[in-house]
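Take a look at the structure set out below.
The values are calculated or read from the model by the stated rules, or taken from the named source; none is laboratory data. Keep in mind that what you see is a predicted model, and the values were worked out from it rather than measured. Cβ atoms come from the backbone with ideal geometry, glycine included; neighbour counts cover every protein chain shown.
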Amino acid sequence: MQHKRSRLQWLVAILVVIASVAATIVALPSIREPVLRAAGWALVVDEPVRPADIIVISSAASGAGALEAADLVQSGIAPRVAVFSGPPSLEDHEFIRRGVPYENEQVRQLKSLGVTDVEQIPTTEAGTNDEGQALSLWCDQNQFQSIVVVTARDHSRRWRRVLGRVMKGHATRVMVQPARYSKFDPDRWWETRDGTRTEIIELQKLALDFVLHPLSFKTRRF
């Protein structure tokens, strides 16, 4: 109980600091844009991507992830792509009942982009942590030596931290590639309502991740 209270206190402290920084930015327009850009890029991972066994697209990456993965395949990073696939929804079951094959939306997008070698990683729940756990098990089962994980820009830093934990002690080397076609722009996020909302939500989630996992482990990289 005391441990949980301590974590909550840390989270409150971080949010207070964020609020204080925001107030300072408003008061000092001359430092406004550099600080806002730094806040945007705090969510984004920037690391080199090299040839791997397979490319994995997170659910959060949506169509931007499919586009990024198709470009990576074309550039020779990996010959195959995998997507996360949960159980079919009620409407999916109805399509299946009527004889229409069920297919993940990202799978359809990839095939329309010319990527034919696509696999699906079964998951029971959506979310970064759940997909991370499913990914570590799937990599072990398939004995992959290296993978590239494609995700939305604003999720990439948090994905890196999650992978650092779930892949610790596993043989698979991991690289994270933010999707260039993501809606979130770290250099101009504050200019739109959606960008501002994304920044605030993701920064809070990232802060919580630091509070809950202050000693985040790193995955093996090239």
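Brief remarks follow.
- Meets criteria (within 30 Å of THR196 (Cα to Cα), touching a Ser or Thr at 6+ places or on another chain (Cβ under 9 Å), at pLDDT 90 or above and among the acidic types (Asp, Glu)) for GLU131: yes
- In the range 193-215, residue surrounded by the fewest Cβ atoms within 10 Å (Cβ to Cβ) [restricted to those that are in contact (Cβ under 8 Å) with a residue 60 or more places away in the chain and within 12 Å of ARG158 (Cβ to Cβ)]: LEU212
- Counted residues, the range 103-158 - those being of a type in the set (S, T, N, Q) and closer than 17 Å to ARG180 by Cα: 4
- Flag if PRO122 is loosely packed, with under 15 Cβ neighbours inside 10 Å, touching a strand residue (DSSP E or B) at 6+ places or on another chain (Cβ under 8 Å) and not assigned by TED's automatic domain parsing to the domain that holds SER156: no
- Considering the range 156-191, the residues that are over 17 Å from ASP130 (Cα atoms) and exposed (fewer than 14 other Cβ atoms within 10 Å of the Cβ) include one that is modelled with the lowest pLDDT, namely GLY169.
Every residue, every condition in (1) of a type outside the set (Gly, Ala, Ser); (2) out of contact with any Lys or Arg (no Cβ under 6 Å at 6 or more places or on another chain); (3) closer than 17 Å to VAL45 by Cα, yes or no:
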{"site": "ASP130", "(1), (2), (3)": "yes, yes, no"}
{"site": "PHE144", "(1), (2), (3)": "yes, yes, no"}
{"site": "LEU163", "(1), (2), (3)": "yes, yes, yes"}
{"site": "ARG173", "(1), (2), (3)": "yes, no, yes"}
{"site": "PRO178", "(1), (2), (3)": "yes, no, yes"}
{"site": "ASP187", "(1), (2), (3)": "yes, no, yes"}
{"site": "HIS213", "(1), (2), (3)": "yes, yes, no"}
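Residue-by-condition table, conditions (1) within 13 Å of ILE57 (Cα to Cα); (2) of a type outside the set (A, V, I, L, M, F, W, C):
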{"position": "PRO87", "(1), (2)": "no, yes"}
{"position": "VAL100", "(1), (2)": "no, no"}
{"position": "GLN109", "(1), (2)": "yes, yes"}
{"position": "ASP130", "(1), (2)": "no, yes"}
{"position": "LEU137", "(1), (2)": "no, no"}
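- Condition check for CYS139 on (1) more than 24 Å from PRO88 (Cβ to Cβ); (2) in contact with an Asp or Glu (Cβ under 6 Å, 6 or more places away or on another chain): one failure, at (2).
- Of the helices (runs of 4 or more DSSP H) lying entirely inside the range 1-95, those containing at least 1 residues that are modelled with pLDDT of 70 or more and either under 22 Å from ARG180 (Cβ atoms) or touching a His at 6+ places or on another chain (Cβ under 9 Å) (or both) span 32-41, 62-74.
- Residue count for the range 125-152, restricted to those that are in a loop (DSSP other than H, G, I, E, B) and surrounded by 14 or more Cβ atoms within 10 Å (Cβ to Cβ): 2.
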